[in-house]
Amino acid sequence: MVPESVCIVGAGVFGISTAIALGKRCPETKVTVVDRLEPPVTDGTSVDTTRCIRVDYKDPVYAELARESMDIITNDPDVSPFFHQCGMSFVYDGGNDKWADIWINGKIAAEKANEGNPGKMRYYDSPQAVYKSIHGVDSEPFVENPRWNKGYTNYLNGFIDAEKSMKAYYERAKTFDNVKFVFKEVDSLMYDPGSRKAEGVKFVDGSTVAADLVIVAAGAWSCKLVNLDGICKSSAIEVAWYKLTKEEEEQWGKMAITTNLSTGINLFPPYNGEIKCLRRSPGYKNTLLVPNPDPTKQEPVQISYPRTIVDHPTDWIPQDAENALRDNLAEIMPVLAQRPFDRTKLCWLTQTPSANFVIDYHPELEGVLLATGGSAHAWKFVPILGDKVVDYMEGKLDPTLKEMWSFAEKLQTTSDNGSAPRMDGEPQELREVVRECPN
Ligand SMILES: Cc1cc2nc3c(=O)[nH]c(=O)nc-3n(C[C@H](O)[C@H](O)[C@H](O)COP(=O)(O)OP(=O)(O)OC[C@H]3O[C@@H](n4cnc5c(N)ncnc54)[C@H](O)[C@@H]3O)c2cc1C
């Protein structure tokens with residue numbers, strides 16, 4: 001049942017999409033969306049120069065949802081201009097490990113997505129062919145690129161400008177009479193005294209918003225608002241941008257988004273005169289002691305919580321992150337390997353054990369619904385996430401999705417489903433390795 005009043009904490013893909021769905025489907029429900037900052041939120045996980053939109057999931061459930069979402073994006077006049085169908089290449093080192101399996105499964109899924117249209121696929125069987133897929137067929141491969149041996153491109157996929165499109169979705173959410181926005185930081189959820197029944201949220205300035213239901217869609221920040229032990233973990237991965245010359249923009253203008261599964265690096269084609277690269281590394285955590293979010297418990301709890309460029313504008317990615325990006329580039333885009341970064345950031349994310357999202361009532365609380373756990377792959381589902389949240393509230397969510405996105409599923413699963421491949425290893429403590437911007 002959708003209650004009379006709902007407060008959504010977080011205006012990223014989960015929060016805004018839910019606000020739009022409630023705006024469309026439940027005009028009688030009073031919806032208040034709160035965020036620390038006005039969207040597009042500079043340090044929100046949903047906001048960046050680019051996010052990949054792809055359909056070739058191995059898991060048929062996500063594959064179908066991804067196709068449905070891509071179709072909506074390509075037919076949406078407000079966001080389709082920001083979608084660039086440049087293709088996505090997946091490469092690996094040719095070894096015989098888990099990356100080979102992920103690559104093969106990805107290739108099969110890509111071929112399935114292009115059934116009847118094989119022209120959308122390209123294959124590379126040598127380091128030279130992989131090199132040429134980035135630098136052009138006439139380029140002269142001269143580097144040692146031992147980890148870039150086999151690849152394919154799926155030209156159905158592409159990237160979207162994740163800042164401009166979040167702005168467009170925000171503008172859309174504002175058009176509904178029953179949806180309003182408040183820009184303040186939530187300190188905690190408000191509870192009926194002595195109980196675990198939420199009654200709204202309290203901001204850090206002491207003001208409040210009362211609501212029958214609080215939807216926690218605060219992404220990597222959610223773990224400070226409610227107990228998510230065993231459900232979601234927050235960490236960050238490194239991202240860096242290089243400025244390009246006009247000639248370089250032209251030279252690489254036709255490259256696809258290129259991911260090396262074996263090394264975790266992800267290179268985007270030139271966009272607005274820049275190349276963005278990121279690495280799906282084990283990443284970084286920022287351990288803090290915070291007040292217990294459970295209203296009936298006193299002892300503080302330890303969580304990993306975002307430390308971002310908003311509060312720490314001079315933060316720069318750690319040295320080992322820089323070294324790993326440069327080592328990768330030395331093999332495949334050598335002219336960038338020594339070039340200074342234009343800027344860098346650590347992008348925070350929240351991951352569930354299985355990489356399945358969380359859309360479920362909190363089992364220990366009343367009046368609290370979680371819509372989070374993006375696990376590094378939720379952006380592309382923005383057109384449908386909110387409808388799934390409202391379906392859930394109305395008791396209409398498809399049983400497979402309901403189970404997949406439940407708390408219970410997270411507590412039973414120990415390995416990820418390959419939807420967003422992760423590197424092995426534990427995140428490092430950020431405060432021990434963080435650096436100041438060199439300029
Ligand atoms: C580097 C990187 C690359 C990725 N690439 C892709 C990709 O290519 N394709 C893809 O589909 N997905 C990708 N993802 C995943 C995707 O971006 C995320 O799953 C998704 O954006 C998460 O959205 P969200 O709404 O949960 O979080 P967010 O966008 O972070 O939204 C949460 C919001 O809550 C607000 N908030 C938090 N705490 C409070 C508080 N106390 N008070 C008020 N407001 C608060 C924050 O300000 C924030 O705006 C990637 C993720 C990362 C990190």
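Please treat every number below as a calculation from the coordinates, not as lab data. No experiment lies behind these values; they were computed from the predicted model shown. Glycine also receives a Cβ, built like all others from the backbone with ideal geometry; neighbour counts cover every protein chain displayed.
Distance cut-off 28 Å, Cα to Cα: go down the list 98/276; 58/167; 107/276 and report the pairs above it.
Numbers: 98/276 26 Å; 58/167 31 Å; 107/276 24 Å.
From the list (98/276; 58/167; 107/276), the Cα-Cα distance tops 28 Å for 58/167.
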Could you calculate the FRET efficiency of residue 203 with residue 290 from 1/(1 + (r/R0)^6), where r is the beta carbon distance between them and R0 is 25 Å, rounded to 0.05?
0.95
For the stretch 4-16, Karplus-derived ³J(HN,Hα) couplings (6.51, -1.76, 1.60; θ = phi - 60°; whole Hz; x for glycine and proline) come out as 6, 9, 10, 10, 9, 9, x, 10, x, 4, 5, x, 5
Farthest towards the positive end of the dipole of the chain, among 94, 114, 286 and with Cβ unit charges of +1 on Lys and Arg and -1 on Asp and Glu, lies the Cα of 114
Can you give the calculated 222 nm mean residue ellipticity of the chain, where each DSSP H run of n ≥ 4 adds -39,500 (n - 2.57) and the sum is split over every residue, rounded to the nearest 500 deg cm²/dmol?
-8000 deg cm²/dmol
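Take the alpha carbon gyration tensor of the stretch 360-403, find the square roots of its eigenvalues, order them as a ≥ b ≥ c, and report rounded if a/c is under 1.5; if not, report prolate when a/b exceeds b/c, else oblate. Don't skip to the end; give the middle numbers.
Values: a/c = 1.92, a/b = 1.31, b/c = 1.46.
Taking the square roots of the gyration eigenvalues as a ≥ b ≥ c, the stretch 360-403 is oblate.
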Within the stretch 252-290, which residues have the backbone N less than 12 Å from the label spot 7 Å out from residue 311 along Cα→beta-carbon, could you tell me?
286-290
Can you tell me the length gained on complete extension of the stretch residue 100 to residue 64, counting 0.36 nm per residue apart and subtracting the Cα distance?
10.6 nm
Starting from 0.36 nm per residue, how many nanometres of slack lie between residue 2 and residue 74 once their C-alpha separation is accounted for?
22.9 nm
Hey, which aspartates and glutamates would be in cross-link range of residue 246, C-alpha to C-alpha under 14 Å, not counting anything within fewer than 8 residues on its own chain?
274
Percentage of interatomic Cα-Cα distances in the stretch 5-428 larger than 39 Å
18
Rounded to whole Å, give me the distance from the Cα center of the stretch 243-288 to that of the stretch 130-200.
14
